[in-house]
Amino acid sequence: MKQTKTKDHASLAEAFIKDEERVDWHDGALWFIRQKRDIASKQIPEWEQLREAASTIKSNVISNLHDYLLQFEANLTRNGVTVHWAADADEHNAIVYSILKAKEITQMVKSKSMLTEECQLNEYLEERGIEVINSDLGEYIQQIDKEPPSHIVLPCIHKRKEEIGELFHEHLGTEKGMSDPTQLTRVARKHLRNVFLTRRGALTGVNFAVAETGEYVVCTNEGNADMGAHLSEVQIASMGLEKLIPQKKHLSIFLRLLARSATGQPITIYSSHYKKPRPGQEMHLILVDAGRTRQLGRVDFRDSLKCIKCGSCMNTCPVYRKSGGLSYHNTISGPIGAILAPNLDMKKHADLPYASTLCGSCSNVCPVKINIHGQLYKWRQEIVKEGYAANTKALGMKAMAWTLSSPGNFTSAGNAGRWFMHNIPFVVNNRFNPWYKQRDMPEGPKESFAAWYARNEKKE
Amino acid sequence: MLWIWRNFCVAEEAVSVKMGKDRVTDHTKHGAEYITSSDLSCLMHLEGILHRNKSAVKIMHIAEILNAEL
């Protein structure tokens, strides 16, 4: 992977922002999608009712996960699907490997799975001699560039078409300089079609798993999940425990919300239902915990498990749009990623809840009404309490607390500040002050408001 | 002055400045001569960017407008 794991969000964002033209274009592309979402959602008068219903259903699911999981498992088994339970990424990867190995499969096609990105399944299987191809076009582009996806719905949104042309020239032998999106897509389609025809093993993610029937639904625009699954001898689905919905009729709410929130489409081109293996085919479903039950136990953060991975919080986030998804150094980026990641590794992701202005736009667009910005704020408190906050932040907090703790402290700090700004401004205006890098400090008023007020009150 | 050290504007300097620059551009593109707000930290941020770029656009707190003599 190209990405440096040791750098924090702020420095990765700084590197991305250096190419200002790219940032403007990235920002505009995501804002365009946000606007499409607005148009699509406003065409349905019952939009807010749908959000409320989806939120309530998901709350019910995460509160009764135990029962729904057992019901789902029983129905899957009845339908002829083999069910596996994985506590963590390692267990998940080992299960996939053992299924493929039993069938002597050395090549697998994958689609629509952020979970397997999270588990780093590709790397695991490649080390064991199994080749994996991501068949979603965006994911495929990211895979050949050896970079993780930067967005859960639009994996290569940070790349220019010319860069993709260059990658295709290198990996698929296209003409140098070819950057027409339609032409490039045709080349990829031809290449992937051959992949679908020759792979005996296929793995997909899961958008919605219906406890009542034991079926699962995968939503795509490219039809690639179907191509892979239908042509395979062994079909594997990997899903996080939280992907359940109680009944089939609830799909009528979620399918309407998902695509409108994600891209502004009324519905994804394909909503594929998988229920039982065809004769001669094997079907496996892996239920993965990987930190989800831990998050369920965190009262302040359990609501994050309601997420249906539409990506609308990313498209609307002013920080995400300007910093790019890779700056979040986590599989799930953006605001939702910033509340999911600290649960996985609080120390490594301590910077992410701070990569937000807490403007609240994410919570406003969330189709399942997760209070994302509220949770970002709460994670900050958790991180400080656990001692993972950066020193500068802790020091600043103490200084702030001292200044505001008494009127005397406040007045003397103000006087000191004004005196410094007027007499020796270089103490503040220097390269050690991050404010001063691209912004000037204010000149500072001659007197404080309190002094001004006292003087003017006397006049009257 | 101390409060800024812990804030987004400094911790996420690059993103913060880019957001401020874009906001200023939005205003200047529409011919604004003054920018006003009731939020001091916002004004300080935009003024810092305008001043560094030698812009003629002025920043005024809403109280300065209300207190101005006609």
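Every number in this text was worked out from the coordinates using simple rules, so none of it is lab data. Model, not experiment: these values are computed from the prediction. Here the Cβ is made from the backbone with ideal geometry for all residues, glycine too, and neighbour counts use every protein chain on show.
Worth pointing out:
- Entries of A:306/A:378; A:437/B:29; A:110/A:322; A:101/A:276 with Cα pairs more than 19 Å apart: A:437/B:29; A:110/A:322; A:101/A:276
- Cα-based shape type of the stretch A:402-459, given that a ≥ b ≥ c are square roots of the gyration tensor eigenvalues and the cut on a/c is 1.5: prolate
- Set of lysines with alpha-carbon distance to residue A:385 below 19 Å, sequence-local pairs under 8 removed: A:347, A:348, A:393, A:398
- Helical content of chain A, expressed as a calculated mean residue ellipticity at 222 nm, amounts to -15500 deg cm²/dmol (DSSP H runs of 4 or more residues, -39,500 (n - 2.57) each, divided by residue number, nearest 500).
- From the Kirkwood radius over Cα pairs of the stretch A:20-73, Stokes-Einstein at 10 °C and 1.306 mPa s returns a whole-number translational diffusion coefficient of 111 µm²/s.
- Cysteines in the protein assembly as shown that lack a partner Cβ within the 4.7 Å cut-off: A:119, A:156, A:219, A:307, A:310, A:317, A:359, A:366, B:9, B:42.
- Cα gyration tensor shape for the stretch A:44-290, rounded if a/c is under 1.5, else prolate or oblate: oblate
- Placed amide H near residue A:132: partners under 5 Å, 5+ positions off or other chain: A:108
- Reachable lysines from residue A:42, criterion Cα separation under 18 angstrom, eight or more residues apart if same chain: A:369
- Packing rank of A:168-180, A:312-324, A:277-289, where each peptide gets the mean count of other beta carbons within 10 Å, highest leading: A:312-324, A:277-289, A:168-180
- Nonlocal amide H pairs with residue B:59, under 5 Å, H built at 1.01 Å: B:35
- The mean number of partner chain beta-carbon atoms within 10 angstrom of a residue's beta-carbon across peptide A:188-195 is 0.
- Fully extended contour minus Cα-Cα distance, from residue A:249 to residue A:359, at 0.36 nm per residue: 36.1 nm
- Our coupling estimate for the stretch A:362-370, obtained by passing each phi through the Karplus curve with A = 6.51, B = -1.76, C = 1.60 and θ = phi - 60°, is 4, 5, 5, 9, 4, x, 10, 6, 6 Hz, Gly and Pro reported as x.
- 3J(HN,Hα) from dihedral phi, the stretch A:179-187, Karplus parametrisation 6.51/-1.76/1.60, rounded to Hz, x for glycine, proline: 9, 6, x, 5, 4, 5, 5, 4, 5
- Number of partner chain Cβ atoms within 10 Å, mean per residue of A:438-448: 5
- Here the stretch A:45-99 and the stretch A:286-343 have alpha carbon centers that stand 18 Å from each other.
- Neighbouring partner chain Cβ atoms per residue of A:315-321, average, 10 Å criterion: 2
- In a DSSP loop and with at most 10 other Cβ atoms within 10 Å, the GluC sites (Glu not before Pro) in chain B are B:33, B:69.
- Cα gyration tensor category, rounded, prolate or oblate, for the stretch A:151-201 with a/c compared to 1.5: oblate
- Ordering of A:365-376, A:211-222 by packing [mean C-beta count within 10 Å, highest first]: A:365-376, A:211-222
- Amide H to amide H distances under 5 Å link residue A:215 with A:210, where only residues 5 or more positions off or on other chains count and H is placed in the peptide plane.
- Structure-based [θ]222 nm, chain B - -39500 (n - 2.57) summed over DSSP H runs of at least 4, per residue, nearest 500: -17000 deg cm²/dmol
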